[in-house]
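K.L.:
One structure coming up, written as structure tokens, with questions to follow.
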Amino acid sequence: TDMFGELRTPGEPSFVAGHRGDRSTAPENTMAALTRALASPQEFVETDVTRSRDGVPVLFHDRTLGRTTDGRGPLADRTLAELKQLDAGSWYSSAFAGERIPTLEEFLVVLAPTGKKALLELKGYWSVDDLAPVTALLDRFDLGGRVTFMSFNLGSLSSAAELAPGTPRVAIVRSLPDNAVDFARSFRVIGIVTPASVIEERPDVVDEMHAAGLGVMVYTLNSKETWAQARALGVDGIITDKPSSLDKWLAKN
Ligand code: G3P
Ligand code: CA
């Protein structure tokens, strides 16, 4: 169940994760984008999890609704029923008019039979009580072993460790801690996720993490040049907006 458990050839990213589904061909974090990502050969789908006012886990990136729906204001002020009225596709293209904000449950229904894995990014702080509906869903679909929790918020990762100790966690960091191995161990994560530029500045951290059985994944890389750089750095995974293109590139290079 550990994404970094199978040690790989150095320099060979072991997995590709579609960022917010496949947002290069469909509106991010909608079922259209998520099912496209699931249909490609990539191993993981990345998506963002947040909560409606009535505590239902839904998939959405921003704090506010305006960029990717026809609603306005903070998502957390709306109930699920209110959120389901919103159009989450027209901003992207009229071909996706009527796409809705998915619940986590709707995504897991589709994920479960595919055998694919998900990187679930917990947006903001989740207490143990907040997170309980998420882990209940993972239990219901028996997906605890195919999900990795990811967050910038160390408190949310701590809640996940308490509620679902068997489900791996990774910390997203905008800059590297002085000692990335100690950081990962003290926050009980199996790896870090960070912008590729951060690793380029301290490339030795990849070997240090690997020597400790920990992983490094980078985001969000969308060009052949940056994929080649990531491969040269020896990272374990790449998060991309273009999962299908990266899959093809990895097969050829
Ligand atoms: O993969 C990390 C990335 O998803 C974090 O940034 O803003 O795209 O959720 P963001
Ligand atoms: Ca994310």
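The values are calculated or read from the model by the stated rules, or taken from the named source; none is laboratory data. Remember, predicted model here, so these are calculated numbers, not experimental data. Using ideal geometry, Cβ is built from the backbone for each residue, glycine included, and neighbour counts are taken over all protein chains shown. Accessible surface is based on the protein model in full, side chains and every heavy atom, while ligands, DNA and RNA are left aside. Shrake-Rupley method; radii C 1.70, N 1.55, O 1.52, S 1.80 Å.
K.L.:
Does A171 meet the test of being in a strand (DSSP E or B), farther than 23 Å from L38 by Cβ, open to solvent by less than 20 Å² (accessible area, probe 1.4 Å) and within 15 Å of ligand 2 (Cβ to nearest atom)?
P.N.:
Yes; evaluated as a whole, the condition is true for this residue.
K.L.:
Now for a different question. Would you check which residues across the range 141-178 are within 21 Å of I199 (Cβ to Cβ) and of a type in the set (F, W, Y) and list them?
P.N.:
F152
K.L.:
Being within 19 Å of S40 (Cβ to Cβ), more than 16 Å from ligand 2 (Cβ to nearest atom) and open to solvent by 40 Å² or more (accessible area, probe 1.4 Å) is the filter here, so list the residues in the range 111-137 that pass it.
P.N.:
P113, T114, G115
K.L.:
Please pick out the residue among S159, S186 that is in contact with an Asp or Glu (Cβ under 9 Å, 6 or more places away or on another chain), away from ligand 2 (no atom under 16 Å from the Cβ), of a type outside the set (A, V, I, L, M) and over 22 Å from I238 (Cα atoms).
P.N.:
S159 is the lone residue from the list that is in contact with an Asp or Glu (Cβ under 9 Å, 6 or more places away or on another chain), away from ligand 2 (no atom under 16 Å from the Cβ), of a type outside the set (A, V, I, L, M) and over 22 Å from I238 (Cα atoms).
K.L.:
Hey, any hits in the range 146-165 for a residue that's free of Cβ contacts under 8 Å to residues at least 60 places away in the same chain, among the charged types (D, E, K, R) and either closer than 19 Å to A17 by Cβ or open to solvent by 10 Å² or more (accessible area, probe 1.4 Å) (or both)?
P.N.:
There is at least one residue in the range 146-165 that is free of Cβ contacts under 8 Å to residues at least 60 places away in the same chain, among the charged types (D, E, K, R) and either closer than 19 Å to A17 by Cβ or open to solvent by 10 Å² or more (accessible area, probe 1.4 Å) (or both).
K.L.:
Given the conditions (1) within 16 Å of ligand 1 (Cβ to nearest atom); (2) modelled with pLDDT under 95, report the number of the one that G145 does not fulfil.
P.N.:
Failing condition for G145: (1).
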